[in-house]
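Q: There's a structure below that I have some questions on.
The values are calculated or read from the model by the stated rules, or taken from the named source; none is laboratory data. Just so it is clear, the model here is predicted, and its values are computed rather than measured. All Cβ positions, even for glycine, are placed from backbone atoms using ideal geometry, and neighbour counts span all protein chains on display. We work out accessible area using only protein heavy atoms, side chains counted, and drop any ligands, DNA or RNA first. Shrake-Rupley method; radii C 1.70, N 1.55, O 1.52, S 1.80 Å.
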Amino acid sequence: MHVADLTRELVAIPSHEGESAAADFLVSWLESNTDAAVSRDDHDNVVARKGASGESLALVGHHDVVPPDDAQVDADGGYVVREADGRLYGRGTADMKGCVAAAMLAFADADTPDEGELVFASFAGEEQGGVGCRAAIDAGFAPDYAVVGEGSTGYSGPGVTDVAVAHKGRRGSTIVAEGAAAHASEPEAGENAIYRATDAVDVVRALDFPSTDVLGHELSGSVAVTEIEGGSAWNVIPERCEATVDERTVPGERAPIERAEDIPGVSVRVDQDLPPMACGDADFADAVLDAAADAQDGAPEHVVKPHATDAGWLAETGTDCVVVGAAEPGEAHTATESVAVDVLERCQRIYAGVAASWLA
């Protein structure tokens, strides 16, 4: 089966409000096309395994997507998939059902290893903060190594599929400033929550951005206040104000945003914390880079990604991860989302090459 055909079938299955239909398809295809042990959990995660004892290598993706644009659905609510100029268009083509298809085919074609275990895993809920991956980890999913099929194409040069050895995480926090209301004609009778919030914002502005080095590549984080809301009327001293802080995190270090709590009446609430990823095994990263070089005419490089993926959750529990995928920067989550068919073919070759060389 060609990777473009399998991608079309996967992309045509709506999976932004529920992943059960996509999970049904994955289980049926894997059971029909492989002799692997296939399992599915209550979260609609699908895992297939070949081999037994020894080190394990997982090819990892996710089959949920963000809500489609109106142009990406037909009159009956089905997903529209079309091909033009060597690219497949539709919700999920780039992020990331195309690489799920490539991993499925590479897994199906791979020999059962004499030693070690080859795993295919596709998770639900990645777009909701990695809920599927986290549930799988809680249930014992813990491969030694993983190739995660999120986008890594076009980083070092146009059309080149690189190997990401690290990516940033995201911590989203809310600064909550409490004060005391009063009539605005007597401001000294109250405590202005907006003033307290802006004092806390000044603390955040003064923080140094965290940075680290991963296999010779610098990964720098950032901290920014992105929203602020407070007050109830023009003539009332505000008693509450909130500010949103977006922090892009790096492995091993966080910006000390809790310093904002030194301001009287201010607290900091963490709303989301997606972990960063850093590959800790240079030999594995080099082996995947060799497979990527063998699979294309371009010269791939080790790179870092700005976006969080399920690789962060896996790395947090001890899996050495890299990210290799067909999506290019700017394709995911757009109304014109697409992926190049020849790059999907390339990713299938890369995954097959890693499976053949690493477990050998």
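Q: Which distance in Å, rounded to a whole number, links the C-alpha centroids of region 171-234 and region 120-140?
A: Region 171-234 and region 120-140 have Cα centres spaced 32 Å from each other.
Q: Please report the antiparallel percentage of the DSSP beta bridges confined to region 39-132, to the nearest 5.
A: Around 65 percent antiparallel, to the nearest 5.
Q: Efficiency by 1/(1 + (r/R0)^6): what FRET value for Ser32 and His217, r their Cβ-Cβ distance, R0 = 41 Å, to the nearest 0.05?
A: 0.50
Q: Go through Leu274, Leu215, Leu10 and list them by solvent-accessible area, largest first, probe radius 1.4 Å.
A: If we order Leu274, Leu215, Leu10 from most to least accessible, we get Leu215, Leu274, Leu10.
Q: Here's another thing I want to ask about it. Given the chain, what percent of its DSSP beta bridges are antiparallel, to the nearest 5?
A: Roughly 75 percent of the beta bridges in the chain run antiparallel, per DSSP.
Q: Choose one of Ala101, Gly221, Gly129: the residue whose Cα lies farthest towards the positive end of the charge dipole of the chain (beta-carbon charges +1 Lys, Arg; -1 Asp, Glu; about the Cα centre).
A: Checking the options against the dipole of the chain, the answer is Gly221.
Q: Enumerate the calculated ³J(HN,Hα) couplings along region 242-258 in order (Karplus 6.51 cos²θ - 1.76 cosθ + 1.60, θ = phi - 60°), each rounded to whole Hz, writing x wherever the residue is Gly or Pro.
A: 10, 10, 8, 10, 9, 10, 9, 9, 10, x, x, 8, 10, 5, x, 5, 5
Q: Given the options Val65, Val236, Val341, state which has the largest fluctuation in a GNM of the chain using a 10 Å cut-off (strictly under) for Cα springs.
A: Between Val65, Val236, Val341, it is Val236 that shows the largest mean-square fluctuation.
Q: Which of (1) 23.0, 81; (2) 19.4, 56; (3) 20.4, 62 is the computed Rg and Dmax of the Cα atoms in Å for the structure on display?
A: Structure-derived value, by its label: (1).
Q: Residues with amide H under 5 Å of Ala58's amide H, sequence separation 5 or more or different chain, H placed in the peptide plane at 1.01 Å from N; which?
A: Val119, Tyr145, Ala146, Val147
Q: Can you give me the long-range amide H partners of Leu274? Hydrogens built in the peptide plane at 1.01 Å from N, cutoff under 5 Å, separation of 5 or more residues or another chain.
A: Arg170, Arg171, Gly172
Q: Determine the relative contact order of the chain: mean sequence separation of Cα pairs under 8 Å and six or more apart, normalised by residue count, in whole percent.
A: Relative CO of the chain lands at 24 percent.
Q: Okay, next question. Could you please tell me the mean projected area of the C-alpha convex hull for region 219-290, averaged over all directions and given in square nanometres to one decimal?
A: For region 219-290, averaging the hull's shadow over all directions gives 6.9 nm².
Q: GNM on the chain, C-alpha springs below 10 Å: top fluctuator among Gln72, Gln348, Gln128?
A: Gln128
Q: List the lysines whose Cα sits under 23 Å from the Cα of Lys168, skipping any in the same chain fewer than 8 residues away.
A: Straight-line reach from Lys168, under 23 Å: Lys97, Lys305.
Q: Under the Karplus relation 6.51 cos²θ - 1.76 cosθ + 1.60, θ = phi - 60°, what is the ordered set of whole-Hz ³J(HN,Hα) values for region 64-69, x standing for Gly and Pro?
A: Going residue by residue, I get 8, 9, 6, x, x, 6 Hz, with x marking Gly and Pro.
Q: Related question: Might you report the magnitude of the Cβ-based charge dipole of the chain about its Cα centre, with Lys and Arg at +1 and Asp and Glu at -1, to the nearest 20 debye?
A: So the dipole magnitude of the chain works out to roughly 200 debye.
Q: Specify the residue with the greatest mean-square fluctuation among His62, His16, His167, computed from a Gaussian network of the chain linking alpha-carbon atoms under 10 Å apart.
A: His16
Q: Let me ask something else. Can you work out the FRET efficiency for the pair Asp74 and Met1, with r the C-beta to C-beta distance and R0 = 35 Å, to the nearest 0.05?
A: For R0 = 35 Å, the calculated efficiency reads 0.90.
Q: From the phi of every residue in region 158-173, what ³J(HN,Hα) in whole Hz does the Karplus formula 6.51 cos²θ - 1.76 cosθ + 1.60 yield, where θ is phi - 60° and glycine or proline is x?
A: Along region 158-173, the couplings run x, x, 8, 8, 8, 10, 7, 9, 7, 8, 6, x, 9, 10, x, 10 Hz.
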